[in-house]
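Chemist: Once you've had a glance at the structure underneath, I'll fire off some questions.
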Amino acid sequence: MKVAFLGLGIMGRPMAVNLAKAGHEVVVWNRTSGKIVAGARVAGTPAEAAKNAEVVWLCVADTKAVEQVLFGADGVESALRAGMIIVDSSTIAPSASCKFAERVAAKGAQFVDAPVTGSKAGAESGQLVFIVGGPDQAVEKLQPLFAAMGKKVIHIGKTGLGESAKLGMNLMAAMMYEAFAEALTLIRKLGVPPEKWWELIQSAAVRSPLIDRKAPKVFQRDFTPSFPLYLMHKDVKLILQAAHESGAKLPALEKVEEVYQMTSKEQQGLDYSATIAVLEKLAGL
C-alpha cells in the first residue's frame, strides 16, 4: 500500500521502518529534518507526503501537533481526497479525534484513531497492540499495515473510542507506578532492604508486568526514556480533561498530577519512572 508516515519519534520511526520492511511504499515526514527510514522517501511537508498516499499515518506528540499536521500550513488537508484513510497513533483527546474525523469526512476521507501500547521495544520488534476506533470498513482495509507493525488489533468501536480506551489504560499505568514508587520510598524510610522487599513483591498478588519492567531500572537508577515523563504528564492531563468533559471524578489521579508538576526540566526528558526522585526528595532520601 502507499503510505505517508508523519512523525519519526521514539515510536514513529520504528513503525515506519517496519512498514517499509514489509514492502509497502512509504513516504515519511518529520517536523525536524534529518531523520530517515531505509526504503522510504522523505517529503518536505505533510501535504507532499500525503499527495499520492492511500493511507496517511500520524504518530506525533499531542493534540495540537495532530491538528497542525492535518490542517495547518502545508498540512495533509490540501491532499485529502475521497477514499483516503487517516490513521492517528498519537495519544490525544478523544473529543479532538471526533472533531478531526468530521473535518476529514468533509473531503470524503475516513479517520481512524489507533493509539498503541507496547513501548519502544514493541515498536522496534513489530509487537505493538493497536487500540482502534473507527469505521469497520476502514479498519479492515488497514489490516496489512497493522500486521506489519503489531501483534494485535483491538477494535474498540466508533471513532474516539480507541483514544478513550488508551487514556483509561494510561491512567492505570500512572497510578500503578506511583503506588510502586511511593511504597519503595516508604519501605526505605522504614529501613526495609529494597532487595528483600522486591523478593516479597515477586511472590505477592500485587506483582504486575508493568512494575516487573520498571523496577530493575529504578533500582539501577537507569531512567533512559522508554515512555518519556513529559509524554506521560501530557497523557495525565488529557485524562483529567476527558474526566472533566464527561463528568467523571478522578481525585487520586489529580494528586498524582501534582507529582508530575514538581518534576524538574531535566527530568522531563527521562522515563516517567523518574518521578520517584520527587518522592525521594520530599522524604529526605
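No lab work stands behind these numbers, since they all come straight from the coordinates. What you see is a predicted model; the values in this text were computed from it and never measured. When we count neighbours, we look across all protein chains shown, and the Cβ atoms used for this are built from the backbone with ideal geometry, even at glycine.
Chemist: Based on the alpha-carbon gyration tensor of segment 2-157 and its eigenvalue square roots a ≥ b ≥ c, which shape applies: rounded if a/c is under 1.5, prolate if not and a/b is larger than b/c, or oblate? Each step should come with its number before you reach the end.
Modeler: Numbers: a/c = 1.37, a/b = 1.07, b/c = 1.27.
In terms of gyration-tensor shape, rounded.
Chemist: If we sort 210-217, 81-88, 56-63 on the protection proxy, mean other Cβ atoms within 10 Å, highest first, what's the order? Can you show the working numbers first?
Modeler: Values: 210-217: 15.6, 81-88: 20.1, 56-63: 23.9.
My ranking of the peptides, most packed first, is 56-63, 81-88, 210-217.
Chemist: Report the charge-dipole magnitude of segment 1-152 in Debye, nearest 20, computed about the Cα centre from +1 at each Lys and Arg Cβ and -1 at each Asp and Glu Cβ.
Modeler: Working: 16 positive and 13 negative charges, 63 e Å.
That gives segment 1-152 a dipole magnitude of about 300 debye.
Chemist: Whole Å is fine, so just give me how far the alpha carbon centre of segment 248-285 lies from that of segment 23-83.
Modeler: 34 Å
Chemist: Can you give the local net charge around G284? Use residues other than it whose beta-carbon is closer than 12 angstrom to its beta-carbon, Lys and Arg +1, Asp and Glu -1. Can you show the working numbers first?
Modeler: Numbers: positive: R188, K189, K281; negative: E280.
So the surrounding residues net to +2.
Chemist: Using modelled backbone amide H atoms (1.01 Å from N, in-plane), which distant-in-sequence or interchain residues come within less than 5 Å of W57's amide H?
Modeler: HN-HN under 5 Å from W57: A4, F5, L6, V87.
Chemist: Based on the alpha-carbon set only, what is the convex hull volume of segment 220-278 divided per residue, in Å³?
Modeler: On the way: hull volume 4.4 nm³, N = 59.
Taking only Cα atoms, segment 220-278 has a hull volume of 75 Å³ per residue.
Chemist: Which one of F71, V17, V278 has its Cα pushed farthest toward the positive end of the charge dipole of the chain, where Lys and Arg give +1 and Asp and Glu give -1 at the Cβ?
Modeler: The listed residue farthest towards the positive side: V17.
Chemist: Now for a separate question. Can you tell me how much longer the chain between E280 and K217 gets when fully stretched, taken as 0.36 nm per residue apart minus their C-alpha distance, in nm with one decimal?
Modeler: Numbers: separation 63, 0.36 × 63 = 22.68 nm, distance 1.60 nm.
Gain on stretching E280 to K217: 21.1 nm.
Chemist: While we're on this one: Ranked highest first by average number of other Cβ atoms within 10 Å, how do 275-285, 25-35 line up?
Modeler: On the way: 275-285: 15.5, 25-35: 17.3.
So the peptides 275-285, 25-35, ranked by packing, come out 25-35, 275-285.
Chemist: Can you give the FRET efficiency for E182 and Q241, using 1/(1 + (r/R0)^6), R0 = 30 Å, r = Cβ-Cβ distance, to the nearest 0.05? List each step's numbers first, then the result.
Modeler: Values: r = 25 Å, r/R0 = 0.82.
Result of the calculation: an efficiency of 0.75.
Chemist: How many nm is it between the label spots at A105 and K265, if each spot is 7 Å from the Cα in line with the beta carbon?
Modeler: 4.4 nm
Chemist: If you don't mind, another one. Please give, to one decimal in nm, the separation of the simple spin-label points placed at W197 and V42, each 7 Å out from Cα toward the Cβ.
Modeler: Going by the 7 Å Cα→Cβ label model, 4.7 nm.
Chemist: Where does the Debye-calculated log10 I(q)/I(0) of segment 137-285 sit at q = 0.13, 0.19 Å⁻¹, using only Cα point scatterers of equal weight, no solvent?
Modeler: -0.70, -1.21
Chemist: Can you flag which of K64/K158; K141/K217; K152/K237; K141/K237; K214/K255; K158/K249 are past 30 Å Cα-Cα? Display every interim value, and only then the final one.
Modeler: Working: K64/K158 22 Å; K141/K217 40 Å; K152/K237 27 Å; K141/K237 33 Å; K214/K255 21 Å; K158/K249 24 Å.
The pairs that break the limit, which is 30 Å between Cα atoms, are K141/K217; K141/K237.
Chemist: Okay, moving on. What does the chain give for Rg and for Dmax, in Å, if only its C-alpha atoms count?
Modeler: According to the Cα coordinates of the chain, Rg and Dmax are 20.0, 65 Å.
Chemist: What number, rounded to the nearest 500 deg cm²/dmol, is the helix-based mean residue ellipticity at 222 nm of the chain, given -39500 (n - 2.57) per DSSP H run of at least four residues and division by all its residues?
Modeler: Values: 14 runs with 146 residues, N = 285.
Computed mean residue ellipticity for the chain: -15000 deg cm²/dmol.
Chemist: Could you give the dipole magnitude of the chain about its Cα centre, charging the beta-carbon of Lys and Arg +1 and that of Asp and Glu -1, in debye to the nearest 20?
Modeler: Details: 32 positive and 28 negative charges, 74 e Å.
So the dipole magnitude of the chain works out to roughly 360 debye.
Chemist: Here's another thing I want to ask about it. Of all DSSP beta bridges in the chain, what percent run antiparallel (nearest 5)? Before the final figure, lay out each step's value.
Modeler: Details: 4 of 29 bridges.
Around 15 percent antiparallel, to the nearest 5.
Chemist: Along the Cα→Cβ direction, 7 angstrom out, place labels at K255 and A205. What is the inter-label distance in nm?
Modeler: Those two pseudo-labels are separated by 2.2 nm.
Chemist: Could you derive backbone 3J(HN,Hα) for segment 193-206 from the dihedral phi with the Karplus parameters 6.51, -1.76 and 1.60 (θ = phi - 60°), listing whole Hz in sequence and x where the residue is Gly or Pro?
Modeler: x, x, 5, 6, 5, 5, 4, 4, 4, 5, 10, 10, 5, 7
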